[in-house]
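The values are calculated or read from the model by the stated rules, or taken from the named source; none is laboratory data. All of these numbers come straight from a predicted model, not from anything done at the bench. No Cβ is skipped: glycine too gets one built from the backbone with ideal geometry, and neighbour counts run over all protein chains shown. The area values use the complete protein model at the heavy-atom level, side chains included, leaving out ligands, DNA and RNA. Shrake-Rupley method; radii C 1.70, N 1.55, O 1.52, S 1.80 Å.
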Amino acid sequence: GFCAMAMAATSPTPPSLTPSMRPLLLLLACLSSLAPEVSAYGPLPSARFPPARPFSGSNQLSKLCHEHVRGVSLQALLPMRRGRGSFRMTAAPPFVVEKARTAQQIGDAAAFFVEAYWAQGTAIEPMDLSENQRAEIARQQRIDMEERYGELVGSRRLNSALYVSRPSANAPINGVVGFEIAVIDMHAAEILSRRRGEGLFKNALMEMGARDRNALRKAPLKDLAAQLLPVGHIVSPVLSNLAVARESRRSGLAQSLCRVCEEAALENGFDSIFLQVEEDNAPASRLYTKLGYKEEWRVEDAPATRVEVDPNGGCRLKTVGTTLLGMRKSL
């Protein structure tokens with residue numbers, strides 16, 4: 001049935017087809033070609049959707065889809081909620097997502113973050129910053145992002161990635177989000193930095209004999225954490241540093257970037273993901289609640305980053321106290 005509708009949707013003169021029906025039929029055709037577990041009557045009760053993959057093939061429908069959604073995963077184009085034999089789809093605008101790997105790419109992401117989060121964000125009051133002030137904050141932000149997401153020399157246990165989105169391949173950045181596998185102290189309700197988390201593993205291994213270390217060399221990360229980390233500490237994916245350009249807000253881009261991190265969590269073998277958000281950041285809290293995140297902890301007077309502008313026109317990032325919510329989503 002989907003094939004017939006797809007032929008009608010892509011035909012130059014589709015019979016008895018109104019213009020408003022064409023996008024829906026195209027989406028249904030894409031769904032049928034990329035998710036064979038889904039029947040014409042909905043997903044099978046036990047179906048798990050396969051990992052997204054780029055559109056390919058030489059048929060007319062595939063070429064048409066690829067032209068309009070180049071670089072977008074199926075989940076980004078058609079976010080789905082599974083459960084009890086039904087699913088819901090919401091459309092998001094096309095965009096391209098890539099990892100910021102090099103120092104230049106991380107620097108570009110940091111400069112965007114200054115504009116989208118500090119100058120025009122929703123967590124704090126918008127700030128009127130000079131060019132010099134923006135450049136200085138971007139420099140400090142880049143240092144933080146390189147520490148959290150940059151490529152490290154040698155092996156590491158706690159993976160991370162900084163994702164940036166663009167409307168098209170060569171367009172300016174319109175969104176950014178960070179993904180980290182971090183050590184979390186559940187007793188203290190604290191997400192440890194990459195350096196502190198890696199340090200816990202390193203110190204625990206150094207206290208072991210060579211034979212015991214070799215036995216754990218190829219152990220999965222979660223098994224390694226259960227044996228080496230202090231009581232009450234776990235490893236888990238963490239979503240952070242989400243920011244969207246003002247002109248791209250309320251378009252579904254923020255939701256899609258969150259799902260990019262959720263897919264990364266699943267690919268790394270985890271079934272849940274954490275994030276932290278300031279209690280006063282109502283727009284972000286509403287978004288995360290809508291996406292299924294639930295409060296795990298609430299910390300009063302928790303450290304949060306702010307921009308401080310001095311009387312001489314300089315500026316720096318400083319730490320202030322705020323109420324911080326830890327939220328978790330089961331995947």
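Worth a mention:
- Screening the candidates 186, 145 for the property of being open to solvent by less than 70 Å² (accessible area, probe 1.4 Å), more than 18 Å from the chain's Cα centre (by Cα) and on the phi < 0 side of the Ramachandran plot yields one hit, 186.
- Within the stretch 198-216, residues that are without any contact (Cβ under 8 Å) to a residue 40 or more places away in the chain and closer than 16 Å to residue 235 by Cα reach partners that are open to solvent by less than 50 Å² (accessible area, probe 1.4 Å) and outside any helix (DSSP H, G or I) with beta carbons closer than 8 Å, at six or more positions or on different chains, in the pairs 200/183; 200/192; 200/229; 200/233; 204/229.
- Residue 110 being within 18 Å of residue 166 (Cβ to Cβ), open to solvent by less than 70 Å² (accessible area, probe 1.4 Å), hydrophobic (A, V, I, L, M, F, W, C) and modelled with pLDDT of 90 or more: yes
- Among (1) of a type in the set (A, V, I, L, M); (2) surrounded by fewer than 19 Cβ atoms within 10 Å (Cβ to Cβ); (3) part of a loop (DSSP other than H, G, I, E, B) - the single one residue 173 does not satisfy: (2)
- Among the residues making up the stretch 281-311, those that are modelled with pLDDT under 90 and charged (D, E, K, R) are 306, 308, 310.
- Being touching a helix residue (DSSP H, G or I) at 6+ places or on another chain (Cβ under 8 Å), outside any strand (DSSP E or B) and modelled with pLDDT of 95 or more is a description that applies to residue 254.
- Within the option set 294, 290, 329, being more than 24 Å from residue 137 (Cβ to Cβ) and buried (at least 17 other Cβ atoms within 10 Å of the Cβ) holds for one residue only, 329.
- Of all residues in the stretch 263-276 being of a type outside the set (Ser, Thr, Tyr) and without any contact (Cβ under 8 Å) to a residue 60 or more places away in the chain, the one that is most open to solvent (accessible area, probe 1.4 Å): 269
- Test result for residue 227, in a helix (DSSP H, G or I), farther than 21 Å from residue 116 by Cβ and open to solvent by 30 Å² or more (accessible area, probe 1.4 Å): yes
- Residue 169 being within 22 Å of the chain's Cα centre (by Cα), of a type in the set (A, V, I, L, M, F, W, C) and farther than 21 Å from residue 114 by Cα: yes
- Check on residue 193, of a type in the set (S, T, N, Q) and at pLDDT 90 or above: yes
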